[in-house]
Amino acid sequence: MSQVLLLVGDSASNANLFYKTKFLAEDTFAFAERDGRTMLVVNDMEKGRAEKESSVDDVRSFAEFGYRDLVRETNDRNKAFTILLSRVLEALSADGVVVEGQLPVLYADGLRAEGHALCIDPYLLVGDRRRKSASEIAAIEQAQAATQKAMARAIELISSSEEKGGMLHIDGIPLTSERIQGEIEALLLWEGMDTSQGPIVAGGTGAADPHWLGSGPLRAGEAIVIDIFPRSKRTRYFADMTRTVVKGPAPEPLKAMFKATARALDAALAVIGPGVDGSEVHGAVREVFAEAGFEGEGPGARFIHGTGHGIGLEIHESPSIGTRQVELRPGDVVTVEPGLYDSEVGGIRLEDLVVVTDEGFQDLTDFPRQLEV
């Protein structure tokens, strides 16, 4: 039996489609592969661009599969497109079809009605995408370098601010989360990055919620969590890093949280390598926090999330580093981001981005960890 891999959708939102084609389009198109033969089928006006930009040799247009006639005959664009997909599969002599779990039910039902047997694989291409090539790692490194520039700018703003009445000011104007977020986004735009998913600049007790974006004036003596995770507009690969700073002297509780978090990050990095179970990395973090007194029931700072996640064409992808067992492999690019959160004090999080290598790991983050600025 010769099964055909079929991907359908737009590559702006479907990472698997972009991974297989390297063609970015917001209109729906199809990619099919059988025994090393690949075919890209796009709407007529995109064919020329797809031939120049995609990594697929055999680029076809909808018209070549009779799409216009099908629309006239069926008076139903969805039905016409499903028949087009069926013709693509027939052109590749498909005995069976492997599809993603996110294939629209409309197309799945239509293909079954056309007589095609579908095998739905919810983990399709997960393993392939985990093994980052040298060019993919280079793309992530480039994105991370831009991220570090933005982080430096954010911390520079905080460091150069002045305290008035407990609040931070620049040139007499209160320094807000929104001001720093805007400066981060502006710098990243100049670096060719897409910032639609962030960044986080969260100060005070609100930062005890790890995904709070932050808002309003920032205060002296409070932790400010800065988490920047942009995507390159050109390569589509993400970066991710977090630092936490305090303007002026930090209260002792924040100093203790920062010290433990830095130690936890170092402990996690000391464990990472090929063949290591991700749960061991997570366990090393929890052990440090437990020794520092940040475990158990009751009030106080606690570690409330996983240790890390994969990075690539999506901000969160396999592998996940937490309680679930998963063997780390060469080519995995993962975040390592321990943190402590206390609703009465705020949050502390530190995050590096690393690639697992044959010998151990390479830290793609080259940025200092400094609490007081």
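The values are calculated or read from the model by the stated rules, or taken from the named source; none is laboratory data. The structure displayed is predicted, hence computed values, not measured ones. Glycine also receives a Cβ, built like all others from the backbone with ideal geometry; neighbour counts cover every protein chain displayed.
Quick notes on this one:
- Subset of the stretch 319-337 (residues that are of a type in the set (D, E, K, R), closer than 25 Å to A260 by Cα and buried (at least 18 other Cβ atoms within 10 Å of the Cβ)): E337
- Residue in the stretch 102-125 that is crowded, with 19+ Cβ neighbours inside 10 Å and of a type in the set (D, E, K, R) present: no
- Taking the criterion of being of a type in the set (D, E), in contact (Cβ under 8 Å) with a residue 24 or more places away in the chain and either exposed (fewer than 14 other Cβ atoms within 10 Å of the Cβ) or in contact with a Phe, Trp or Tyr (Cβ under 6 Å, 6 or more places away or on another chain) (or both), the residues of the stretch 33-84 that qualify are D35, E53.
- Count - residues of the stretch 102-148 that are in contact with a Lys or Arg (Cβ under 8 Å, 6 or more places away or on another chain) and over 21 Å from E317 (Cβ atoms): 2
- Segments classed as strands (runs of 3 or more DSSP E), wholly inside the stretch 271-373, with at least 2 members that are among the hydrophobic types (A, V, I, L, M, F, W, C) and modelled with pLDDT of 95 or more: 333-336, 352-356
- Residue in the stretch 247-260 that is among the charged types (D, E, K, R), under 24 Å from the mean Cα position of the chain (by Cα) and surrounded by fewer than 21 Cβ atoms within 10 Å (Cβ to Cβ) present: no
- Any hit, the stretch 178-201, residues being assigned by TED's automatic domain parsing to the domain that holds I304, part of a helix (DSSP H, G or I), basic (K, R) and without any contact (Cβ under 8 Å) to a residue 60 or more places away in the chain: yes
- Filtered residues of the stretch 214-246 (kept if on the phi > 0 side of the Ramachandran plot and within 23 Å of the chain's Cα centre (by Cα)): G214, R236
- Within the stretch 85-110, the set of residues being without any contact (Cβ under 8 Å) to a residue 40 or more places away in the chain and assigned to a helix (DSSP H, G or I) comprises S86, R87, E90, V105, L106, A108, D109, G110.
- In the stretch 199-218, residue surrounded by the fewest Cβ atoms within 10 Å (Cβ to Cβ) [restricted to those that are touching a Gly at 6+ places or on another chain (Cβ under 7 Å) and among the hydrophobic types (A, V, I, L, M, F, W, C)]: W212
- Within the stretch 242-270, being assigned to a strand (DSSP E or B) and not charged (D, E, K, R) holds for T242, T244, V245, V246.
- In this structure, L92 qualifies as at pLDDT below 95 and either touching a Cys at 6+ places or on another chain (Cβ under 6 Å) or over 17 Å from D10 (Cα atoms) (or both).
- Within the stretch 223-236, restricting attention to residues that are surrounded by fewer than 24 Cβ atoms within 10 Å (Cβ to Cβ) and of a type outside the set (V, I, T), the residue that is nearest to G293 (Cα to Cα) is F229.
- Qualifying residue in the stretch 262-269 (condition: in contact (Cβ under 8 Å) with a residue 60 or more places away in the chain, under 21 Å from A186 (Cβ atoms) and hydrophobic (A, V, I, L, M, F, W, C)): no
- N75 assigned by TED's automatic domain parsing to the domain that holds G101 and on the phi > 0 side of the Ramachandran plot: yes
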